[in-house]
Amino acid sequence: MYVVGSELIAVEDECTVPAGRRHAVDLDGRVLCTAARPRFTWPERRWQADDDASTCALCMHEVRAREVIATPPAYPADAAYEIAPPREARDPIWW
């Protein structure tokens, strides 16, 4: 779970909202695309990887990469591909 962070704010309907580029902020308060902390965060707003111009492309890439790494493979590695086919299924090799 990531929250929205940004370096700029705007005021809409007497509330502050993120302005400029929106970054994904982890639970430690760090932006995923850099080792820095954002100036402003909104813990009540969940960060979503939108293909919007205001969404940070590096944060989107980092979130998607973490999701792929965290997803286990469909089959265990030894069942996904075998090292050698069974002996009875192979033709003999003649040298």
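Residue by residue, here is whether (1) in a strand (DSSP E or B); (2) within 18 Å of Ala65 (Cβ to Cβ) holds:
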| site | (1), (2) |
| --- | --- |
| Met1 | no, yes |
| Ala10 | yes, no |
| Ala24 | yes, yes |
| Cys33 | no, yes |
| Ala36 | no, no |
| Gln48 | no, yes |
Which numbered condition trips up Trp42, out of (1) buried (at least 17 other Cβ atoms within 10 Å of the Cβ); (2) modelled with pLDDT of 85 or more? (2)
Run down Leu58, Leu32 and say which single residue is of a type in the set (A, V, I, L, M) and either at pLDDT below 80 or in contact with a Phe, Trp or Tyr (Cβ under 9 Å, 6 or more places away or on another chain) (or both). Leu32
Taking interchain pairs and intrachain pairs at least six residues apart, which have beta carbon atoms under 8 angstrom, with the first residue in the stretch 2-21 and farther than 13 Å from Arg39 by Cβ and the second in a loop (DSSP other than H, G, I, E, B)? Tyr2/Asp26; Tyr2/Leu32; Tyr2/Trp47; Val3/Trp47
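The values are calculated or read from the model by the stated rules, or taken from the named source; none is laboratory data. Everything numeric here is computed off the predicted structure, so don't read it as measured data. So basically every Cβ, Gly included, is an ideal-geometry build from the backbone, and we count neighbours across all protein chains shown.
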